[in-house]
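S.K.: One structure follows; several queries about it will come next.
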């Protein structure tokens, strides 16, 4: 039975007007919680109808954080960007799609034997079984685990193997304003799944020379997905990480990237920060661990830049100073 004050609502046939009149916007957070806790389980068709209407109303942004080079601040960016977006009241879901599961532990996940995204994409678990609530309000996550490495082998001979994550995300996208996917540092079938499940990609670039060399291969992969798979993924921008404003090399890399990168480069430059390095060991985003640190301020600023892009999605928002 649903909790007191949250009655199941039967949805009329799927025209937009009936959906709009059926789902009060102020109740979307309650609906998300109810779905995650499997309160809407009286019949499968009701859940499907409810989800279909929510998806039609949703303006969900799905962003992949991707760079095939490791150690560039990819997971740090995914975790902390999501935390600051959630801090504005937007329902945010972090999907850890890296078998190393660093993003999972960084938001406080414990329980290596729990079902995770591997079980979700292969149909061994329903979304409600693997979605977890983090310490940050409005911030949920789906953990990863070592099982996910096996998916690279299991999917080799499967039809439409590139779309498994997309099919899973499509089941729940209407429940969130933002879905952020942390991808592995490689160009594997997992990365292809993540890019096809996303509508935008953010590329963290470490402020070192070698970080620039791998960008061309990643951009070629993105163009290949656009051309061969009919998926019009957008590069929202590159974000410079581990930046040291006192180092000439950092300044030169930033200048070179801004001059030659064919897509936007965010104004925010994420500094080298002890607090950013320490926060995962305390299983917290930096917004909780050291909210007044330089690293926290940088990701708050980056989130604000991302939110300002909502104008193209019909939204508005950002942090209130």
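The values are calculated or read from the model by the stated rules, or taken from the named source; none is laboratory data. All figures in this text were calculated on a predicted structure; none of them were measured in a lab. Glycine gets a Cβ as well: all are built from the backbone with ideal geometry, and neighbour counts include every protein chain shown.
S.K.: Inspect all residues belonging to segment 171-183 and state whether any of them is part of a loop (DSSP other than H, G, I, E, B), in the same structural domain as residue 119 (by TED's automatic domain parsing) and within 16 Å of residue 65 (Cα to Cα).
M.R.: yes
S.K.: On the basis of being assigned by TED's automatic domain parsing to the domain that holds residue 232, touching a strand residue (DSSP E or B) at 6+ places or on another chain (Cβ under 9 Å) and either surrounded by fewer than 21 Cβ atoms within 10 Å (Cβ to Cβ) or not in a helix (DSSP H, G or I) (or both), does residue 124 make the cut?
M.R.: Values: assigned by TED's automatic domain parsing to the domain that holds residue 232: yes; touching a strand residue (DSSP E or B) at 6+ places or on another chain (Cβ under 9 Å): no; either surrounded by fewer than 21 Cβ atoms within 10 Å (Cβ to Cβ) or not in a helix (DSSP H, G or I) (or both): yes.
Criteria not met by residue 124.
S.K.: Could you grab me the full set of residues in segment 91-110 that are surrounded by 24 or more Cβ atoms within 10 Å (Cβ to Cβ) and either touching a strand residue (DSSP E or B) at 6+ places or on another chain (Cβ under 8 Å) or not assigned by TED's automatic domain parsing to the domain that holds residue 287 (or both)?
M.R.: 92, 93, 94, 95, 96, 97, 98, 103, 104, 107
S.K.: Here's another thing I want to ask about it. Could you name every one of the strands (runs of 3 or more DSSP E) located completely within segment 190-273 that has at least 1 residues being at positive phi?
M.R.: Because the criterion is at least 1 residues that are at positive phi, the strands (runs of 3 or more DSSP E) in segment 190-273 that meet it are 234-243.
S.K.: Shifting gears a bit: Evaluate the following for residue 303: is it in the same structural domain as residue 143 (by TED's automatic domain parsing) and surrounded by 18 or more Cβ atoms within 10 Å (Cβ to Cβ)?
M.R.: Yes; evaluated as a whole, the condition is true for this residue.
S.K.: Among the residues of segment 200-208, are any surrounded by fewer than 23 Cβ atoms within 10 Å (Cβ to Cβ) and modelled with pLDDT of 95 or more?
M.R.: Yes, there is a match, as at least one residue in segment 200-208 is surrounded by fewer than 23 Cβ atoms within 10 Å (Cβ to Cβ) and modelled with pLDDT of 95 or more.
S.K.: Out of 265, 253, which single residue is closer than 18 Å to residue 67 by Cα and at pLDDT 95 or above?
M.R.: 265
S.K.: Further question: State whether the residues of segment 143-156 include one that is touching a strand residue (DSSP E or B) at 6+ places or on another chain (Cβ under 7 Å) and either assigned to a loop (DSSP other than H, G, I, E, B) or not assigned by TED's automatic domain parsing to the domain that holds residue 94 (or both).
M.R.: Yes: one or more hits.
S.K.: When you look at residue 88, is it at pLDDT 95 or above and surrounded by 22 or more Cβ atoms within 10 Å (Cβ to Cβ), yes or no?
M.R.: It is false that residue 88 is at pLDDT 95 or above and surrounded by 22 or more Cβ atoms within 10 Å (Cβ to Cβ).
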